[in-house]
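Chemist: Please read through the structure below; I'll follow up with questions.
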Amino acid sequence: MYQIRLYKDSDYDRVREIFALGMMEHTGKAFHISLRLPRVWTFLLLTFFLLFYITGSFLMSSLGVVIDIGLLYLIHWGIYWFYVSHCLSDDMLDIQKYYLQRDGYCFWVAESSGEVAGMVAAVPPHEPGGERQVELVRLSIPKKHRGKGIAKALCRTVIDYARRRGCEAVVLGTSYPQGDARKMYEKMGFRRTRTAYAPGDPHLLINSHHTEAGLMNRSFNGHPTFCLHY
């Protein structure tokens with residue numbers, strides 16, 4: 001059993017830990033997606049044949065490819081690590097002040113058996129035309145608490161919050177490696193309304209799909225639509 005409640009200061013360390021671990025989980029998924037890209041395989045093959053041409057050694061050529069793959073993983077890890085570090089020093093630094101002392105902002109946690117089992121927040125959308133919308137952010141569930149319906153309950157909490165404020169829709173952003181999350185949002189009535197690329201995002205150095213940005217939006221009037229960030 002679990003309950004959804006407002007964040008309190010005693011949750012601080014656990015909430016930050018859940019956020020950081022949840023984001024760093026995407027490193028492996030993004031890395032494996034990149035390894036399936038034709039241009040990455042082309043680069044690895046070129047590396048192998050170039051080294052073989054220079055050294056004449058199959059072992060040295062193979063080692064060069066392994067090093068390239070290792071560097072690719074480290075680049076992915078670094079992207080997520082820098083993002084997590086930025087967030088922990090930004091909105092996640094003083095959660096009480098950022099989310100609970102500002103109009104249009106809120107932060108909830110799911111509690112199960114006395115421990116924090118999930119988190120989610122609501123903020124005003126930063127994009128133009130979002131005055132009558134609420135953006136769902138920071139949804140994260142620890143692995144051992146997944147599959148219990150907590151993520152859906154937290155989503156419904158944000159949806160109910162938006163309705164009480166008289167908003168027309170809930171929007172959210174997600175990334176390409178978050179396939180399971182996208183499926184859950186779609187089952188809850190969210191629909192993709194836009195796909196774009198986030199300009200200047202370092203993911204573009206590796207895989208443009210990682211930064212493909214769309215918006216998922218769950219409207220309260222008529223057929224639900226959606227906005228989702230890739």
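The values are calculated or read from the model by the stated rules, or taken from the named source; none is laboratory data. As the structure is a computational prediction, the values presented were derived from the model and not from experiment. Because the Cβ atoms are built from the backbone with ideal geometry, glycine has one as well, and the counts that use them run over all protein chains shown. Side chains are part of the model used for accessible areas, which takes the heavy atoms of the whole protein and leaves out ligands, DNA and RNA. Shrake-Rupley method; radii C 1.70, N 1.55, O 1.52, S 1.80 Å.
Chemist: Can you give me the number of residues within region 49-84 that are of a type outside the set (D, E, K, R) and open to solvent by less than 40 Å² (accessible area, probe 1.4 Å)?
Modeler: Residues flagged as of a type outside the set (D, E, K, R) and open to solvent by less than 40 Å² (accessible area, probe 1.4 Å) within region 49-84 amount to 12.
Chemist: Could you tell me whether LEU46 is surrounded by fewer than 16 Cβ atoms within 10 Å (Cβ to Cβ), within 30 Å of TRP81 (Cα to Cα) and touching a residue at least 40 places away in the same chain (Cβ under 8 Å)?
Modeler: no
Chemist: Something else: In region 160-176, what residues are open to solvent by 10 Å² or more (accessible area, probe 1.4 Å) and not hydroxyl-bearing (Ser, Thr, Tyr)?
Modeler: If the condition is that a residue be open to solvent by 10 Å² or more (accessible area, probe 1.4 Å) and not hydroxyl-bearing (Ser, Thr, Tyr), then ASP160, ARG163, ARG164, ARG165, GLY166, CYS167, GLU168, GLY173 are the ones that fit.
Chemist: Please specify each residue of region 128-145 satisfying the condition of being within 27 Å of LEU93 (Cβ to Cβ), touching a strand residue (DSSP E or B) at 6+ places or on another chain (Cβ under 9 Å) and not in a strand (DSSP E or B).
Modeler: Across region 128-145, the qualifying residues are GLY130, ILE141, PRO142, LYS144, HIS145.
Chemist: In region 95-127, which residues are small (Gly, Ala, Ser) and part of a strand (DSSP E or B)?
Modeler: Correct list: ALA110, SER112, ALA117, GLY118, ALA121, ALA122.
Chemist: For region 1-21, name all the residues that are out of contact with any Gly (no Cβ under 9 Å at 6 or more places or on another chain) and at pLDDT below 95.
Modeler: Passing the criteria: only MET1.
Chemist: Moving on. Can you work out which of the residues in region 125-140 that are over 20 Å from ARG16 (Cα atoms) and either touching a Cys at 6+ places or on another chain (Cβ under 7 Å) or touching a residue at least 12 places away in the same chain (Cβ under 8 Å) (or both) is most open to solvent (accessible area, probe 1.4 Å)?
Modeler: ARG132
Chemist: Condition (residue is modelled with pLDDT of 95 or more and not hydrophobic (A, V, I, L, M, F, W, C)) applied to region 42-52: is it met by at least one residue?
Modeler: Checked region 42-52: at least one residue is modelled with pLDDT of 95 or more and not hydrophobic (A, V, I, L, M, F, W, C).
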